[in-house]
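Please read the structure below before turning to the comments.
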Protein chains: 2
Amino acid sequence: MYTEPTSHPIDARTGDMGAATGRYEKRLVDLAGIYLDEAAFAAAVEAGGDRVVYAVNEMRPGTAPGDLTFGTTFMEPGRIGDEFYMTRGHIHAKANRPEVYYGESGAGLMLMESPEGEVRILALEPRSAVYVPPMWIHRSVNVGAAPLVMSFFYPSDSGQDYDIIARSGGMATRIIADGAGWKAVPNPTYRPRTAEEIAQVHATTD
Amino acid sequence: MYTEPTSHPIDARTGDMGAATGRYEKRLVDLAGIYLDEAAFAAAVEAGGDRVVYAVNEMRPGTAPGDLTFGTTFMEPGRIGDEFYMTRGHIHAKANRPEVYYGESGAGLMLMESPEGEVRILALEPRSAVYVPPMWIHRSVNVGAAPLVMSFFYPSDSGQDYDIIARSGGMATRIIADGAGWKAVPNPTYRPRTAEEIAQVHATTD
């Protein structure tokens, strides 16, 4: 009659999660178009496009409004040209749904962008929660030398719009290597959203 | 225009959380009535009723449907008579809202009960998430010798009904010491909910 309570041990190094209901992997070949340096991307694919860049384990009880989905993301360290490995990124299909990320291991960034193109960057570090409020496009970036592992929590009825970033030619900001560290630079292929596109995002809220 | 993204470092030993929007503490005197052994409780209050048994730090962005609240709970180790320290416990005021707990440090249990009195017990251990599905009354219990610290995540519109447990004379099961460990025993003061009380819980869902 009621859903059974469940336990989900998480491995902070690998992102493995017990009793996950789903898992997906993103291989380098799946990520065509997200990096600026197309020649470096083609060369990396040639050298081994099947390698997994990141993997997601999730516990999705269902999609009922008011329920919660959670899981882990594991991302290898690496770069395409100067640009650090990153997730494809998304805004929630119901754009007023938030997400909480919680650092497990490694050193990353949460790169966020409002529909109007405002940018925010917060560190993803072990034992630190990052609150991504409603309406922010978000993507994580591994700026460290080790895998980045984080857990995440979001409302089960959020949905994901993964194309919003591609439609604007990427996010407004790219995260590239700067010596042993990183820096944020403007993305030359970025096209700011039109008023109509922004209105379409707002129209998804309830 | 949009809510600002925020970072919340969590101390796994103390439960301290950066940029919390609220905190409350439960002192022993605040917990009258939850333990079976009233004489032992009175003696413990006499010896120091002001001591904090547990404290909650929370980040509550608001109460908008679809938003998320998260935070930490820190609970001292200890017992009243044979019964381990525990939180007051609750069901969500919207009973079909779930909660995810995530162990930070210490050894605890999540004690859960359906409106009809079915009981489930899951371990709260470091790096293990416990999914408390919709409709389960829940309370955490510190069965270890060290503080129990956990983080939690729930829909911001959940609300809490803290009286549901008192109305039934406690939960159906009590967690008591058993040598160096613990065991679950029937609660002699428990009164199963009537069909009407169960229907009232179901009436809170949306």
> Taking only protein heavy atoms and a 1.4 Å probe, what accessible area per residue, in Å², does the protein assembly as shown have with all protein chains in place?
Replying inline: 40 Å²
> Two-decimal Rg/Rh of segment B:1-111 from alpha-carbon positions, Kirkwood Rh?
Replying inline: 1.02
>> Just to be sure I understand the model, the point goes 7 Å from the Cα along the line to the Cβ. What's the resulting residue A:7 to residue A:198 distance in nm?
In response: 5.0 nm
> What total accessible area, in Å², is buried where chains A and B meet, using a 1.4 Å probe and rounding to the nearest 100?
Replying inline: 3600 Å²
>> Taking θ = phi - 60°, what integer Hz values does the Karplus form 6.51 cos²θ - 1.76 cosθ + 1.60 yield along segment A:88-97, in sequence order, with x for Gly and Pro?
In response: 4, x, 6, 10, 6, 4, 8, 5, 8, 9
> Round to a whole number: what % of the accessible area of chain A belongs to carbon and sulfur, probe 1.4 Å?
Replying inline: 53 percent
> Rounded, prolate or oblate: which fits the protein assembly as shown, taking a ≥ b ≥ c as square roots of the Cα gyration tensor eigenvalues, rounded meaning a/c under 1.5, else prolate when a/b beats b/c?
Replying inline: prolate
>> How long are the semi-axes of the equivalent ellipsoid of segment B:1-47, defined as square roots of 5 times the Cα gyration tensor eigenvalues? Whole Å, largest first.
In response: 37, 13, 8
> Hey, for residue A:16 with labels 7 Å out along Cα-Cβ, what do the inter-copy distances come to in nm, ordered shortest first?
Replying inline: 3.5
> At what distance in nm do the modelled label points of residue A:191 and residue B:185 sit from each other, each positioned 7 Å from its Cα along Cα→Cβ?
Replying inline: 7.2 nm
>> Taking residue B:188 in one copy and the same position in all the others, each labelled 7 Å out along Cα→Cβ, what are the pairwise distances from the first, in nm, shortest first?
In response: 8.1
> Regarding segment A:124-163, what are the three Cα extents along the principal axes, ordered largest first, in Å?
Replying inline: 33, 24, 15
> Shortest first and in nm to one decimal, what separations exist between residue B:169 and its copies in the other chains, measuring from label points 7 Å along the Cα-to-beta-carbon line?
Replying inline: 7.3
>> Can you work out which chain A residue has the shortest Cβ-to-axis distance for the rotation that carries A onto B, and give it in Å?
In response: A:153, 2
> Can you work out D for segment A:49-206 in µm² s⁻¹ from Stokes-Einstein, where Rh is the Kirkwood radius over C-alpha pairs, the temperature is 25 °C and the viscosity is 0.890 mPa s?
Replying inline: 153 µm²/s
>> Tell me the Kirkwood radius of segment A:63-140: reciprocal of the mean inverse pair distance over distinct alpha-carbon atoms, in Å.
In response: 13.6 Å
> Can you list residues whose amide H is under 5 Å from residue B:27's amide H, if they're 5+ apart or on another chain and H is modeled 1.01 Å from N?
Replying inline: B:53
> To the nearest 10 Å², what's residue B:14's accessible area with a 1.4 Å probe?
Replying inline: 60 Å²
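The values are calculated or read from the model by the stated rules, or taken from the named source; none is laboratory data. The model shown is predicted, which means the values in this text are computed figures rather than measured ones. Positions of Cβ are backbone-derived with ideal geometry, glycine not excepted, and every protein chain shown enters the neighbour counts. Only protein heavy atoms, including side chains, enter the accessible area calculation; ligands, DNA and RNA are left aside. Shrake-Rupley method; radii C 1.70, N 1.55, O 1.52, S 1.80 Å.
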